[in-house]
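Worksheet: the structure to be examined is printed underneath.
The values are calculated or read from the model by the stated rules, or taken from the named source; none is laboratory data. Remember, predicted model here, so these are calculated numbers, not experimental data. Using ideal geometry, Cβ is built from the backbone for each residue, glycine included, and neighbour counts are taken over all protein chains shown.
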Amino acid sequence: MDNLLEAKLTAQPSKKRQYLLLVAVILAVFAWSLTAIKFRAPDDGGAKIAANIIRGILSPDLNLLWNFTSQGVFYLLFETICIAFLGTIFGAILSIPFAFLMAPSVVSRPVYILTRFLVVVIRTVPALVYGLMFVRVAGPGPFAGVLTMSLTSIGMVSKLYVDVIEDLDRGILEAMDAIGCTTWEKIRFGIVPQLIANFSSITIYRFDMNLRDATILGLVGAGGIGAPLIFAMNAYRWHQVGSILIGLVALILIVEIISNKLRAKLVNG
Amino acid sequence: MFNRKFQLASGKVVVARPSKIPLISLLMIVLIAIALQVTKFSFTTLLLNGHQFFVILRGMLPPNLKFLPRIWQPLFDTIKMSFLGSLLGALLAVPLALLAANNIVRSKWIAGFFKFFLSILRTLPTIVVALIATFIFGLGTMAGTIAIFMFTVSYVGKLTYEQIEALDMGTFEALESLGLTRLQAFRYGVMPQILPTYLSTTLFSFEGNLRYAAILGYVGAGGLGIILSEQLGWRDYANVGMILTVLIVTVSLIEWLSQTARRKLQ
């Protein structure tokens, strides 16, 4: 009995060499990376700034926080939500044709490889660059932000949509063919019901991410809460930074909880 | 009230619940209308001015090849920043994930506290963390590395504790009952189950970080972003085109490598 166990135990394939190789590679790249970073302990100035930041964030500017005019935190957050919301909706709509053109089961090989390459390009260009391009189109403001978010959403959303499309149950379509459904009926009752729950779940997830990323838009003047936040930081007004950050963190946490609940409900029925 | 009733051939009455789709569509239309108002969205401007979008794009083509030699240094800085940040972040994420997992830590309070901590960390926009880091550590790659590090801790930490909580703890208990210590049981019962996913999450976050690291330079946190913002400021779009081309090639290459590695892991 013991021998049998012993034999089983030693029969387990040894992954030692694989792991050693992995560790060696990681250590080598790690050493290489260290060359780029100049380690600098924060000097006196840095420590003072850090203390100021923490003090500022812990004692937020309450006038700014509870201000309901168009300069207040609430309106800015509301504007950010609107930008992220519209950007997500338009992005999701634009992603649908992209996703079908990226699915190997729908189009031929050259088409999906070309579309995939295009999407990689769209995804890799930093949001900032799009922001600058759209500020030319729409002028500075939230409108440019919406356009930027629509474009940056395509990359991830269409990639996730493709997985859903590839997972379609084709048996259903065959069965509908057999009972004589038209193409339109097949789409309406065979394909859409299979896609809609997962598509919505992905879209809600992206809304979550867009809300986080909306801060970047402020760097190029494309609206939202990013610009006031970065201005306040560059001017060292840490109390204002504190109130904006508290608002932003609270908003994102709340939206995350709601979106998790919604997505769980969508996917589990 | 809106329930529709059907009588089946067997005489049984079935009730179809009303569809929620009209309500949801109405809600969406109202929300979209409000958002369109708030963001001053106008399709006419888009149609009239849409061609402006291509002005910069056309300026980028063809990319200025002569600019290439100036890109390597910041590019490697970006790769190094994201590698270092991801590696250190992923390492720190392990203890935090264990402390946040309900089935490893018995105390509900401790697990809850660490979960909340990871959530807050994840909510802070990376660009803000990078900006704060430049104030404290000065301009340069150190600030960018810190920002990436913080994001990786929160991201890998969250996914790993979710993974740990979904584990089958039966193996762990069985090993403990065989007389192994908790640590040994963890080594043979838990680690093999989470290791592949953990490594693949880390690689995935490295890919994402690389993309993100390219922006961080905009606030002075080192890497490609510095020359990107510089060239954008000078409106030298052919150079911007070159930077973007290099970035796209690098990101695709690393993505391909990491995807191959991740497929091997699974």
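Computed values, structure above
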item: Hits in segment A:75-113 - residues which are free of Cβ contacts under 8 Å to residues at least 40 places away in the same chain and away from chain B (no Cβ under 14 Å); result: A:Pro97, A:Leu101, A:Val107, A:Ser108, A:Arg109, A:Pro110, A:Val111, A:Tyr112
item: Checking A:Thr69 against (1) under 30 Å from B:Val30 (Cα atoms); (2) β-branched (Val, Ile, Thr); (3) at pLDDT 80 or above, the condition it does not meet; result: (3)
item: Lone unmet requirement of (1) surrounded by fewer than 19 Cβ atoms within 10 Å (Cβ to Cβ); (2) facing chain B (nearest Cβ under 9 Å); (3) in contact (Cβ under 8 Å) with a residue 60 or more places away in the chain for A:Phe117; result: (3)
item: Where B:Leu68 falls short, out of the listed (1) in contact (Cβ under 8 Å) with a residue 40 or more places away in the chain; (2) within 14 Å of chain A (Cβ to nearest Cβ); (3) of a type in the set (A, V, I, L, M); result: (2)
item: Conditions (1) within 19 Å of A:Ser33 (Cα to Cα); (2) at pLDDT 85 or above; (3) hydrophobic (A, V, I, L, M, F, W, C): number failed by B:Trp256; result: (1)
item: Members of segment A:245-261 that are away from chain B (no Cβ under 11 Å) and hydrophobic (A, V, I, L, M, F, W, C); result: A:Ile258
item: Some residue of segment A:197-208 being surrounded by fewer than 17 Cβ atoms within 10 Å (Cβ to Cβ), away from chain B (no Cβ under 12 Å) and at pLDDT 85 or above; result: yes
item: Qualifying positions in segment B:177-213 - out of contact with any Ser or Thr (no Cβ under 9 Å at 6 or more places or on another chain) and farther than 20 Å from B:Gln163 by Cβ; result: B:Ser177, B:Leu178, B:Gly179, B:Leu180, B:Thr181, B:Gln184
item: Identity of the residue in segment A:222-244, small (Gly, Ala, Ser) and more than 30 Å from A:Val137 (Cα to Cα), that ends up nearest to the other protein chains (Cβ to nearest Cβ); result: A:Gly242
item: All positions within segment B:88-114 that are within 14 Å of another protein chain (Cβ to nearest Cβ) and buried (at least 19 other Cβ atoms within 10 Å of the Cβ); result: B:Gly89, B:Ala90
item: Helices (runs of 4 or more DSSP H) (entirely within segment B:150-243) containing at least 2 residues that are within 26 Å of the chain's Cα centre (by Cα); result: B:191-216, B:224-233
item: Selection status of B:Asn49, over 30 Å from the mean Cα position of the chain (by Cα), more than 17 Å from A:Leu86 (Cβ to Cβ) and within 11 Å of chain A (Cβ to nearest Cβ); result: yes
item: Residue in segment A:121-130 that is in contact (Cβ under 8 Å) with a residue 40 or more places away in the chain and touching a helix residue (DSSP H, G or I) at 6+ places or on another chain (Cβ under 8 Å) present; result: yes
item: Any hit, segment B:116-130, residues being buried (at least 17 other Cβ atoms within 10 Å of the Cβ), away from chain A (no Cβ under 12 Å), part of a helix (DSSP H, G or I) and in contact (Cβ under 8 Å) with a residue 24 or more places away in the chain; result: no
